[in-house]
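A.B. asks: Have a look at this one before I ask anything.
The values are calculated or read from the model by the stated rules, or taken from the named source; none is laboratory data. For clarity, every value in this text was computed on a predicted model and none was experimentally measured. Neighbour counts are summed over all protein chains in view; Cβ atoms, including those assigned to glycine, are modelled from backbone coordinates with ideal geometry.
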Amino acid sequence: MATTASQAPATLPVAAAEKPAPRIGTGIRMTLFYVVLLIIAIVFIAPYLLSIFAAFKPLSAILSQSPVRPPSPPTLDNFKAIFSQYGFWRYLGNTLMVTVILTAGQVTFSLMGAYAFARMQFPGRNALFWVYLATLMVPNVVTMVPLYVLFSHSGLLNTYWAIFLPYVLGTPYAVFLMRQYFMTIPKEVMEAARLDGCSESYILRRIVVPISRPIIITATLLAFVFGWNNFLWPLIVTNSNSLQVLTVGIANLQSNFTVQWNLVLAGSLVALVPMVVLFAIFQKHIVNSISLTGINR
């Protein structure tokens, strides 16, 4: 007993000495975690930063200087050239018009489809929704040849209709996002409206849309970004310079013999700025809508 009593106090300092070890390990792990995040951020941000530097440099400086070197002095000649010599105002106008029409149609029809899948009862609703959602697995390039043949036989090639018509009737991704959000709205709200004699269209316009403003804004931004950045389909269905959009116009600055990198990067910066501004304005709505789409009642 005496031996046991004499050894017990000796173990206390050892235990006390071992307590700071986990704190040191946690500090090292957190430091490594933030270092990895910093490296990832640099990898993603560096191409944009280098493009901004090059957009304000003449072509000779781009070819002779290091890409990480800021422009000294910066020049606006690249932007003057793309707007005065290459008609970027027309490309911007075409892109804005097509994108607005595509976005309005896509959001409107996706809204109606998502409401039907979320809150209306009809035979085969869930099966039809999952079949429709399965089309997300089909790459766009698979449907381009059939769509091109369809528009060719319809006489719609080289028109504005050909650019936005395949995407204006809604997309599975937008329908899925909105449906998941609509499922979070309590059924009692809509049932009370039906008891008051409200039609489904009235419920959608007056109840669902005001409540679902964050997800509608998110779907609108996604559709706008898609329409603004769409390249391959407008390239295929248009051959007139007066109908070409911004992405195709930037690609036209490259040829088989030379690439005018200063003009290409200046045009890319012009195309990038509206997207950055939109995200900066509506980023809170995007985060709020994405955080709620996974909640299901």
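A.B. asks: So, in the stretch 143-157, exactly how many residues are exposed (fewer than 15 other Cβ atoms within 10 Å of the Cβ) and either more than 16 Å from PHE231 (Cα to Cα) or of a type in the set (S, T, N, Q) (or both)?
C.D. replies: Of all residues in the stretch 143-157, those exposed (fewer than 15 other Cβ atoms within 10 Å of the Cβ) come to 143, 145-146, 149-150, 152-155.
Filter once more, keeping what is either more than 16 Å from PHE231 (Cα to Cα) or of a type in the set (S, T, N, Q) (or both): 143, 146, 149-150, 152-155.
The qualifying residues number 8.
A.B. asks: Restricting to the stretch 182-225, and then to whatever is polar (S, T, N, Q), within 24 Å of THR103 (Cβ to Cβ) and free of Cβ contacts under 8 Å to residues at least 60 places away in the same chain, can you tell me which residue is surrounded by the fewest Cβ atoms within 10 Å (Cβ to Cβ)?
C.D. replies: SER201
A.B. asks: Here are MET137, MET112, MET97: which of them is surrounded by fewer than 18 Cβ atoms within 10 Å (Cβ to Cβ) and at pLDDT below 90?
C.D. replies: Matching residue, one of MET137, MET112, MET97: MET137.
A.B. asks: So, one more: Filtering the stretch 53-90 down to residues that are surrounded by fewer than 17 Cβ atoms within 10 Å (Cβ to Cβ) and β-branched (Val, Ile, Thr), which residue is farthest from the chain's Cα centre (by Cα)?
C.D. replies: THR75
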